[in-house]
Amino acid sequence: MLNVTGILKRLVIGPARRSEELGETLLPKRLALPIFASDPLSSVAYATQEILLVLTLGGLAYLHFTPWIAAAVVTLMTVVVLSYRQVVHAYPSGGGSYEVASTNLGPSPGLVVAASLLVDYVMTVAVSVASGVDNIISAVPELADQRVLMALVFVGLLTAMNLRGVRESGRLFAAPTYLFIGGVLIMVGTGLFRYLIGDAPVAESAKYGIEPVPGDANLAGLALVMLVLRAFSSGCTALTGVEAISNGVPAFRKPKSQNAATTMAAMGIIAITMFVGVTTLAIVAKVHITDDACRLTGLTDCGSYTQRTVIAQLAASVFGGENSVGFYFIQAATALVLILAANTAFNGFPLLASILAQHRYLPRQLHNRGDRLAFSNGILALAIVAGLLLWGYKANVTSLIHLYILGVFTSFTLSQTGMVRHWNRELRTERDREIRRRHHVARVVNATGAVITFLVLVVVLATKFTQGAWLAVLAATLLFVMMRGIRRHYDSVAAELTVTDLRSEMVRPSRVLAVVLVSTIHKPTLRALAYARAFRPDRLEALTVAVDRDASTALERQWEDYGIEVPLKVLDSPYREITKSVVEYVRSIRRDSPRDVVAVFIPEYVVGHWWENLLHNQSALWLKSRLLFTPGVMVTSVPWQLSSSARADHPAARAPGSVRRGEPTTAPETDDVGTHH
């Protein structure tokens, strides 16, 4: 069983890498772009669609706001990209928004950013995968019933690829990302060229009208403003993942900051170009899409009609129908890149979790690198939570999108505010006029970013809170409280373990009293006795619990016949309590001699097959856990390897008495811990 597991592990993630090979995993810009920027690049596949879905709540009357909303999103993205280029240069260690906020605003704002980003990374995986599945279903509607299963399978594949390491996953993701970029640009260019020559593409949904949602028709004043702001907040999904590059600076080749800044600029230019192109083409092709197909007027059977995504409708209209090569190419590339866009989170989440673990805000296991030098525990944690979300929300993009982007703008706002304070501090000490001029410009950029992203955060919170965003707020709040609690625990443990008086801590105990638990005289018992003697304790005794009086008497008689020089103490237990009797006896020794140390030796079997564990009870496991909570008591397991344990682990030639490192030994049977039946 263990060998099969090991073989499967190597097939999935590959051979282990040495720690010295970490430098070989660093990324050139051409691989860093698809790894860290696949999320904002791929979001153009649904950002325009989200704007249209909100505006069509009022029918077709409000679609003329689309260009203005898209322009606002582009302006915001430009400001955010420029702002994060400042972060990359100022904080190249990889903490990104978290490090900026913690350093300049304090630990609590830093934790708010961290909690928001961790929640948003989970949402990135869920939304990207669900959107990718939507595009697959647009090409093959017969797969609609398998939506959740497909989403979970894709999360599993992404997890496996990321466990193989950052560089390996980058090679896998590079081609689909570049194919998607090329495909979208060709589609946009072709469609706009056709428009200019008088042959504008027409979407399949252009012939349908849209029935307004009751209450959303003929809006005016504040109600209309709220609808437009809601559409804008939905379109801001185009900005998700922009900060990932600032978190992943350590993964770049040298010069790290310069390469990361260049990659971020390239990402911003490409993402803005594609978003503007798709939105313009959607307006030209008259794409009509709603949250409910039955609101499309002119359909004969809305119940069986599956709306295609905006990207799918554009591809069909530009390339000549749903059976064209161009249509299937765009759908395949879009679906693939949307699913792979989750890779942005699979890189950002583990990196941020590792930094938080290093700062003692998350369990330390999240800071450990796996066999392939990736942060495996963080990858697995992200996959599990995202998978549960997809299952719970049935991989529905419209439902998941309301939980999205709130955390992004929280981190945007706090990090840009922190950068303003950073530049203020730099300006107080810098005397070079040219450098001061650059600092002033940087401060203006970050201040503008802070103001704009704060306003967007307010808009997102106001428009999405009651539609599901409150769950994201609650999750981030709980995560914030949990991280504060973890830090308090680690701080209290560190304070408790700190040596204040070396001499007092090094004082030897007055005596060492050794107790060997036995039930019958066999090889494990004799090995435990011999091992205990090797410690040369001040007092050594064997201990058994008399659950069965006849068996206890037989053991005492056999003990004398063998002439074992260690005294045997028998504890009476009329209610057949094993653990309680042993623990109370050991504690009584401690009460009588509080300056003494009690060493308890427990003989145990080691078996080689999982099913053999079922044949031996686990009484020693519970006994050890109880004894470990008793001050002044040391517990030692003395293993006896059965022949099956040697066969199960090759090479079979192991030193007698050795324990397979990293594998649990079985707890002894009841007769191995000093009991009788």
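The values are calculated or read from the model by the stated rules, or taken from the named source; none is laboratory data. Predicted, not measured: the structure shown is a model, and the values here were computed from it. Cβ: placed from backbone, ideal geometry, glycine included. Neighbour counts: every protein chain shown.
One line per residue, one yes/no per condition, for (1) closer than 30 Å to Val633 by Cα; (2) assigned by TED's automatic domain parsing to the domain that holds Asn104; (3) touching a His at 6+ places or on another chain (Cβ under 6 Å):
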{"site": "His422", "(1), (2), (3)": "no, yes, no"}
{"site": "Thr429", "(1), (2), (3)": "no, yes, no"}
{"site": "Arg437", "(1), (2), (3)": "no, yes, no"}
{"site": "His440", "(1), (2), (3)": "no, yes, no"}
{"site": "Ala447", "(1), (2), (3)": "no, yes, no"}
{"site": "Val458", "(1), (2), (3)": "no, yes, no"}
{"site": "Met482", "(1), (2), (3)": "no, yes, no"}
{"site": "Gly485", "(1), (2), (3)": "yes, yes, no"}
{"site": "Ala495", "(1), (2), (3)": "yes, no, no"}
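Which ones in segment 33-81 are small (Gly, Ala, Ser) and either under 20 Å from Phe180 (Cβ atoms) or touching a helix residue (DSSP H, G or I) at 6+ places or on another chain (Cβ under 8 Å) (or both)?
Filtering segment 33-81 for residues small (Gly, Ala, Ser) gives 37-38, 42-43, 45, 47, 58-59, 61, 70-72.
Residues satisfying the conditions are Ala37, Ser38, Ser42, Ser43, Ala45, Ala47, Gly58, Ala70, Ala72.
Going by the conditions given, is Val278 surrounded by 19 or more Cβ atoms within 10 Å (Cβ to Cβ) and modelled with pLDDT of 90 or more? Explain how you work it out, then say what you get.
Values: surrounded by 19 or more Cβ atoms within 10 Å (Cβ to Cβ): yes; modelled with pLDDT of 90 or more: yes.
Here the answer is yes, as Val278 does meet what is asked.
Cβ contacts < 9 Å: first residue closer than 16 Å to Arg308 by Cα, restricted to segment 389-401; second residue at pLDDT below 80 and outside any helix (DSSP H, G or I), any location; separation 6+ or different chain. Result?
That search, which allows pairs on different chains as well, returns Thr398/Asp291.
With the condition kept exactly as written, say whether any residue in segment 251-262 is assigned by TED's automatic domain parsing to the domain that holds Ala312, of a type outside the set (Phe, Trp, Tyr), closer than 27 Å to Val397 by Cβ and touching a Ser or Thr at 6+ places or on another chain (Cβ under 9 Å). Don't jump to the end; show me each part of the working.
Residues of segment 251-262 assigned by TED's automatic domain parsing to the domain that holds Ala312: 251-262.
Keeping just the survivors that are of a type outside the set (Phe, Trp, Tyr) gives 251, 253-262.
In the following step, the residues that additionally are closer than 27 Å to Val397 by Cβ were identified as none.
Within segment 251-262, none of the residues are assigned by TED's automatic domain parsing to the domain that holds Ala312, of a type outside the set (Phe, Trp, Tyr), closer than 27 Å to Val397 by Cβ and touching a Ser or Thr at 6+ places or on another chain (Cβ under 9 Å).
Out of Ala244, Ala316, Ala271, Ala285, I need the residue that is of a type in the set (Gly, Ala, Ser), modelled with pLDDT of 90 or more and touching a Ser or Thr at 6+ places or on another chain (Cβ under 6 Å). Which one? Talk me through it step by step, then tell me what you get.
On the way: Ala244 fails: modelled with pLDDT of 90 or more; Ala316 fails: touching a Ser or Thr at 6+ places or on another chain (Cβ under 6 Å); Ala271 fails: touching a Ser or Thr at 6+ places or on another chain (Cβ under 6 Å).
On inspection, the qualifying residue turns out to be Ala285.
So, Ala542, is that one modelled with pLDDT of 90 or more, under 13 Å from Val516 (Cβ atoms) and either assigned to a helix (DSSP H, G or I) or of a type in the set (Ser, Thr, Tyr) (or both) or not?
Details: modelled with pLDDT of 90 or more: yes; under 13 Å from Val516 (Cβ atoms): yes; either assigned to a helix (DSSP H, G or I) or of a type in the set (Ser, Thr, Tyr) (or both): no.
Judged against the criteria, Ala542 is not a match.
So, Ala514, is that one more than 30 Å from Leu222 (Cβ to Cβ), out of contact with any Leu (no Cβ under 7 Å at 6 or more places or on another chain) and touching a residue at least 60 places away in the same chain (Cβ under 8 Å) or not? Spell out how you get there, then give the answer.
Working: more than 30 Å from Leu222 (Cβ to Cβ): yes; out of contact with any Leu (no Cβ under 7 Å at 6 or more places or on another chain): no; touching a residue at least 60 places away in the same chain (Cβ under 8 Å): yes.
For Ala514, the condition - more than 30 Å from Leu222 (Cβ to Cβ), out of contact with any Leu (no Cβ under 7 Å at 6 or more places or on another chain) and touching a residue at least 60 places away in the same chain (Cβ under 8 Å) - is not met.
If you take the residues in segment 275-313 that are among the hydrophobic types (A, V, I, L, M, F, W, C) and more than 16 Å from Pro67 (Cβ to Cβ), which one is nearest to the chain's Cα centre (by Cα)?
Quick first cut of segment 275-313, residues among the hydrophobic types (A, V, I, L, M, F, W, C) only: 275-276, 278, 281-285, 287, 289, 293-294, 296, 299, 302, 310-312.
When the remaining residues are screened for being more than 16 Å from Pro67 (Cβ to Cβ), the result is 289, 293-294, 296, 299, 302, 311-312.
Details: Ile289: 33, Ala293: 35, Cys294: 38, Leu296: 39, Leu299: 43, Cys302: 39, Ile311: 29, Ala312: 31 Å.
So the residue we want is Ile311.
Kindly evaluate Gly348 against the criterion of being part of a helix (DSSP H, G or I), without any contact (Cβ under 8 Å) to a residue 60 or more places away in the chain and surrounded by 24 or more Cβ atoms within 10 Å (Cβ to Cβ). Even if it seems obvious, please write down each step before you answer.
Numbers: part of a helix (DSSP H, G or I): yes; without any contact (Cβ under 8 Å) to a residue 60 or more places away in the chain: no; surrounded by 24 or more Cβ atoms within 10 Å (Cβ to Cβ): yes.
No: the conditions fail for Gly348.
Of everything in segment 489-539, what is part of a strand (DSSP E or B) and modelled with pLDDT under 90? Give them in sequence order.
Step one: of segment 489-539, the residues part of a strand (DSSP E or B) are 512-517, 539.
Correct list: Val512 only.
Considering segment 96-125 alone, what residues qualify as being closer than 17 Å to Thr413 by Cβ and either without any contact (Cβ under 8 Å) to a residue 40 or more places away in the chain or out of contact with any Leu (no Cβ under 7 Å at 6 or more places or on another chain) (or both)?
Hits for segment 96-125 are Gly96, Glu99, Val100, Ser102, Thr103, Asn104, Gly106, Ser108, Gly110, Leu111, Ser116, Asp120.
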